[in-house]
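One structure is given here, and the rest of the page talks about it.
The values are calculated or read from the model by the stated rules, or taken from the named source; none is laboratory data. Remember, it's a predicted structure, so these values are computed and weren't measured experimentally. Here the Cβ is made from the backbone with ideal geometry for all residues, glycine too, and neighbour counts use every protein chain on show. These area figures cover heavy atoms from the full protein model, side chains too; ligands, DNA and RNA do not enter into them. Shrake-Rupley method; radii C 1.70, N 1.55, O 1.52, S 1.80 Å.
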Amino acid sequence: MPKTTLVPPNLSFQPRPSYPYSPGAAAAGFVYTAGQVAWNHEGKLVGHGDVAAQTRQVLSNIRSILAEAGAGMEDVLKCTVYLADIRTFAAMNAVFAEVFPHQPPARTTVQAALAEPEMLVEIEAIAYRAP
């Protein structure tokens, strides 16, 4: 089964000209998102200094990528969360729990230097939707 590149309308500015990647890709029922940050539909970072607000935007971006493949948040198997400061884990985790209230996906969370200093959280997801 060939690969499908996923670029939802609200993320049509991705990738940035100097970054060769797709917001998402799907094949054989699996959906992979690129690491998503808190860019809104205009390509502007939202939630400056607020990890909860950024987490909401990031998960919204992931939701739209999954929808392009006919999947939803309930299909997410695994997330990898990158936090600029691990001390903000509780704020990210609270939003994550709102979005995944039942049968949450497997998750790894690490502290990492992100692409821009204003970025506080980046999340990538893997989902499966039977073809």
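Output the residues belonging to the stretch 13-33 that are in a loop (DSSP other than H, G, I, E, B) and either hydrophobic (A, V, I, L, M, F, W, C) or open to solvent by 30 Å² or more (accessible area, probe 1.4 Å) (or both).
If the condition is that a residue be in a loop (DSSP other than H, G, I, E, B) and either hydrophobic (A, V, I, L, M, F, W, C) or open to solvent by 30 Å² or more (accessible area, probe 1.4 Å) (or both), then 13, 15, 16, 17, 18, 19, 20, 21, 22, 28 are the ones that fit.
Hey, residue 130 hits all of (1) of a type outside the set (D, E, K, R); (2) within 24 Å of residue 2 (Cβ to Cβ); (3) open to solvent by less than 40 Å² (accessible area, probe 1.4 Å) but one; which does it fall short on?
Result: residue 130 fails condition (3) only.
How about the stretch 17-30: which of its residues are closer than 19 Å to residue 57 by Cβ and either touching a Pro at 6+ places or on another chain (Cβ under 6 Å) or aliphatic (A, V, I, L, M) (or both)?
The answer is 21, and nothing else.
Which members of the stretch 32-43 meet the condition of being in contact with a Gly (Cβ under 6 Å, 6 or more places away or on another chain) and among the β-branched types (Val, Ile, Thr)?
33
Identify the single condition in (1) at pLDDT 95 or above; (2) buried (at least 17 other Cβ atoms within 10 Å of the Cβ); (3) within 22 Å of residue 106 (Cβ to Cβ); (4) not polar (S, T, N, Q) that residue 68 does not satisfy, given that it satisfies every other one.
It fails just one condition, (3).
Which ones in the stretch 35-85 are more than 15 Å from residue 99 (Cβ to Cβ) and of a type in the set (D, E, K, R)?
Listed by number, the residues that qualify are 42, 44, 50, 68, 85.
Identify all residues within the stretch 83-111 that are hydrophobic (A, V, I, L, M, F, W, C) and either surrounded by 13 or more Cβ atoms within 10 Å (Cβ to Cβ) or without any contact (Cβ under 8 Å) to a residue 24 or more places away in the chain (or both); write none if there are none.
Within the stretch 83-111, 83, 84, 89, 90, 91, 92, 95, 96, 97, 99, 100 meet the criteria.
Could you grab the pairs with beta carbons closer than 8 Å, sequence gap of 6+ or different chains, first residue in the stretch 49-77 and within 17 Å of residue 4 (Cα to Cα), second one among the basic types (Lys, Arg)?
69/129; 70/129; 71/129; 72/63
What are the pairs, 6+ residues apart or on separate chains, where a residue within the stretch 2-20 that is of a type in the set (S, T, N, Q) has its Cβ under 6 Å from a residue that is at pLDDT 75 or above?
What qualifies is 4/26; 5/22; 5/25; 10/41; 10/64; 14/23.
Can you find a residue that is at pLDDT 95 or above and over 14 Å from the mean Cα position of the chain (by Cα) anywhere in the stretch 8-26?
Taking every residue of the stretch 8-26 in turn, at least one turns out to be at pLDDT 95 or above and over 14 Å from the mean Cα position of the chain (by Cα).
Is the stretch 34-47 home to any residue that is among the acidic types (Asp, Glu) and either crowded, with 19+ Cβ neighbours inside 10 Å or at pLDDT 95 or above (or both)?
Within the stretch 34-47 (the criterion being among the acidic types (Asp, Glu) and either crowded, with 19+ Cβ neighbours inside 10 Å or at pLDDT 95 or above (or both)), the answer is no, since none of the residues qualifies.
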